[in-house]
1. Largest first and in whole Å, what are the equivalent-ellipsoid semi-axes of the protein assembly as shown based on the Cα gyration tensor, each being the root of 5 times an eigenvalue?
2. Helix A:185-194 versus the longest principal axis of chain A: what is the Cα-based angle in degrees, 0 to 90, to the nearest 10?
3. Tell me, how many Å apart are the Cα centres for region B:202-238 and for region A:73-133?
4. Which ³J(HN,Hα) values, rounded to whole Hz and listed in residue order, are derived for region A:23-32 from phi using the Karplus coefficients 6.51, -1.76 and 1.60 in 6.51 cos²θ - 1.76 cosθ + 1.60 with θ = phi - 60°, glycine and proline given as x?
5. Using protein chains only (no ligands, no nucleic acids) and a 1.4 Å probe, work out which residues of region A:87-122 have their accessible area cut by at least 30 Å² relative to the chain alone.
6. Take the solvent-accessible surface of the protein heavy atoms, probe 1.4 Å, and return the percent of it on region A:2-234 that carbon and sulfur atoms account for.
7. With Cβ to Cβ distances under 15 Å as the rule, what net charge do the other residues near B:Val210 carry (K, R +1; D, E -1)?
8. HN-Hα J couplings of region A:94-104 from phi, Karplus 6.51/-1.76/1.60, θ = phi - 60°, integer Hz, Gly and Pro as x?
Amino acid sequence: MQNTKHIFKKEFKAYFVSPIAYIVISVFLVIIGWLFFSTFFLERQASLTRFFSLLPVTFAFVIPAVTMRLFSEEINVGSFELLITLPVTFRDIILGKFLAAVAFVAIMLSPTLLYAVTISLLGELDWGPVIGGYFGALLLGAAFCAIGLLASSVTRNQVIAFIIAVGICFTLTLLMDFVLFFLPSSLVGVFQYLSANFHFQSIAKGMLDSRNILYFLALIFVALFTTHLVMQEKK
Amino acid sequence: MIAIQDLTKYYGDLCAVDHVSFDIHKGEILGLLGPNGAGKTTIYRILTGYLRPTSGDIRVKDFHINENLAEIKKLIGYLPEAAPIYPEMLVYEYLDFVADVRGVASNRKVAHIRDLADLCSLNQVMHMTINELSKGYRQRVGIAHALMGDPEILVLDEPTSGLDPNQIVETREIIRRIGKEKTIIFSTHILSEAEATCDRMVIVNQGRKVADDTLDNLRKELKEQSIEAIFHILTQGN
């Protein structure tokens, strides 16, 4: 466990010594801020509902940019050999990198708390869905980080890692809306249940249902475990 | 100390290491020599846990590589061939990270890092990022990495490659100094260096072991004086 912490520390620092962190955070805030506020004043409602409905699609593009380098860069530069021959286990490496990415996403998300504060000054803001929304956003972000980590472990090319991760995250997000058009109604429920957006929106409504939380935890577990298998296979 | 038994590694159909066996005794400096592509780096990578053998076993002390890799990793300090290190980290930051992972107690961490910086002459570059360093300095950071936490065994894959003649002499000096108390296995293409440093030589060619003896015995056996000639005879067989 001690080593998970050391790897976390190293990875977390690594985000902020390269310009990637600042670029990703700025891009995220510009995109989400513009999309949210461009319709906010038309709706004349003091609520963050729309912000949370935009979040999954935005995350599906931004988080893969955060996670794409985690393994690909190390494999490409060759530092992976140094890392893996130190007395650390795969579990330490995967968890350390995963938690560093999640912490980074939390930091990226934190400036948007100001939206909640400003909006609460404009009208009666219901804090329940806001708290639920941020909790769900962290779960969603963590799940996408795990998927991004998996994508990064299969290739030494960061661009490919990015595209694979976007593909998976985007599919998981859109599964909810698109299946409505294509599938018989008996199957819609099944596919919606697989959709990350579906579970996220449930949490963002302020309902903390254990099934939704379990969905994200399962997604994280499956992605991290698959990463573990990929790394073992590479030996 | 280390017993390598029947080690074999295939990359797909290519056989990189073919039933190689040899021992390394405690306190010995063993030179693992051979032409490029002979399988030296593969042997190191298996020994350090980066790759898994296709078959065969390595025993380090009482630990077997397929069962107790975690324990073996704690005993070995490894300098890979190209010493690739995180380009954006400061030298100090990197050594600090390695010290943490190798379990150097926090109260003697700073002193230990300082000792290694002295030993590898890194003091001037401790606060530079690694991608700013010259090849020689990078190699020395790699050596400091390998020595961190005082591992009993050192595996050095061409520690002097890319260094200038002065640095080569310094590095050789470091190896000989630390070799007094540690078990070292290293490779080099500079044969005079192997002659000057190692107690025993294992020569591999095309994945197979072709010699395993002291230089003196090899000289008697092959009736050749120069190590270059011995190397040539043993690795030109086919």
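The values are calculated or read from the model by the stated rules, or taken from the named source; none is laboratory data. Note that the structure is a prediction, hence the values are computed from the model and not measured. Cβ placement follows ideal geometry from the backbone for every residue including glycine, while neighbour counts extend to all protein chains displayed. Each accessible area value is taken on the protein alone, full model and side chains, heavy atoms only, with ligands, DNA and RNA left out. Shrake-Rupley method; radii C 1.70, N 1.55, O 1.52, S 1.80 Å.
1. Numbers: eigenvalues 568, 116, 59 Å².
The equivalent ellipsoid of the protein assembly as shown has semi-axes of 53, 24, 17 Å.
2. Compared with the principal axis, the helix lies near 50 degrees.
3. 56 Å
4. Here the 3J(HN,Hα) series is 5, 4, 4, 4, 4, 4, 5, 5, 5, 5 Hz.
5. SASA drop of 30 Å² or more in region A:87-122: A:Pro87.
6. On the way: 7710 of 10530 Å².
With neighbouring chains kept in place, the figure for region A:2-234 is 73 percent.
7. Working: positive: B:Lys40, B:Arg200, B:Arg208, B:Lys209; negative: B:Asp18, B:Asp212, B:Asp213, B:Glu221, B:Glu224.
Net charge around B:Val210: -1.
8. 5, 5, x, 5, 4, 5, 5, 5, 5, 4, 4
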